[in-house]
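Reviewing the structure listed below.
The values are calculated or read from the model by the stated rules, or taken from the named source; none is laboratory data. As the structure is a computational prediction, the values presented were derived from the model and not from experiment. Neighbour counts are summed over all protein chains in view; Cβ atoms, including those assigned to glycine, are modelled from backbone coordinates with ideal geometry.
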Amino acid sequence: MSKDKRRFLVSDESKNVYGLRLKSDGGDFGQFRKNPVMLYNHDEDRPPIGRWTELKTGDGGKITAEAEFDGKDEFARKIEDKVDDGYIRMASVGVIPQEIEGEWVTKWTLREISVVPFGGNQNAFVLYDDKGNVMNLSAVTEKFDLKNNKRQMSDEKTNTLKVTLVAGLELSDGASDGEVIKSVLKLNADNVKMKAELETLKAEKAEAKKALELKDREALVDKAIADRKITAGSKETYMKLSDADLKNIFETMPAVVNLGDVPQGGGDGNPGAPEGAKNMGFAELSQKHPDYLEKLKLNDSARFNALYKAEYGVEPKSA
């Protein structure tokens, strides 16, 4: 197996089993470089199984090293075979922390690096005290006062949030928590009120638009009635159509030609028209005064033919 394949990622800045992150540039590697021991699973009761070379810190806080196994040690050879065969791929660091800020171990000393079977188990990352004893979580918490540290972080976040709220709400710098809460509640109430007013305005706008459309539609229908394209009795039927449909219909619809619009011809005398007949077209006369149309046909065929053609667009058929 090539050396490249034996280069291990031994640490990065992700959160470990202690709930902490190891700041890679805060590490002291001097002591380790003098004695770069390789343990198996952080087990100091077992002799080292090799050593580490080419320790490097790369992008993203990744720390890598090359593994060199002790070929004279039987157990080391077994672990080496498992690494070469890809059964073991993990390594982790054992460090002595000097400073912890929040969740970050900002200063620490590298003590050893181990080949481990599971990168995510409780032994995948260990902290040692100054005497070389493995520290459990409670010991770390007590030594570095992590509870107060986390509480301080929480307080800092709360204070930052309050400063932001005070500025956003345009309150004085010394505003109390109660004043901030009161302003937030008022802001929320104003927001609810404005939303309701906006919905009301939208509804009123929709109603106004609807009323305007109705007014425009009625104007179109009334004009068609005035132009004698339709009768007043059919107004409600046409009011149910859209403005676009009405415009298309009325633009292609000829105006009704009434009897009074057609001049009298010569003929053999013009029969007297019934009352109101002069305001009727051919179709209406044929329904209400068919006898008069017969007389008109006999006595004033020119006027009869003109009235018929105005109604139907063609000359009447000869009898």
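So, ILE88, is that one among the aliphatic types (A, V, I, L, M) and assigned to a loop (DSSP other than H, G, I, E, B) or not? Yes; evaluated as a whole, the condition is true for this residue. Considering only residues that are surrounded by 13 or more Cβ atoms within 10 Å (Cβ to Cβ), within 43 Å of the chain's Cα centre (by Cα), in a loop (DSSP other than H, G, I, E, B) and without any contact (Cβ under 8 Å) to a residue 60 or more places away in the chain, which ones fall in the range 8-59? Listed by number, the residues that qualify are ASP12, GLU13. The set of residues in the range 60-76 that are assigned to a loop (DSSP other than H, G, I, E, B) and among the charged types (D, E, K, R) comprises LYS62, ASP70, LYS72, ASP73.
Exactly one residue out of LEU220, LEU214 is at pLDDT 65 or above, surrounded by 10 or more Cβ atoms within 10 Å (Cβ to Cβ), in contact with a Phe, Trp or Tyr (Cβ under 8 Å, 6 or more places away or on another chain) and not aromatic (Phe, Trp, Tyr): that is LEU220.
What about LYS72, is it in the same structural domain as TYR40 (by TED's automatic domain parsing) and within 27 Å of GLY30 (Cβ to Cβ)? For LYS72, the condition - in the same structural domain as TYR40 (by TED's automatic domain parsing) and within 27 Å of GLY30 (Cβ to Cβ) - is not met.
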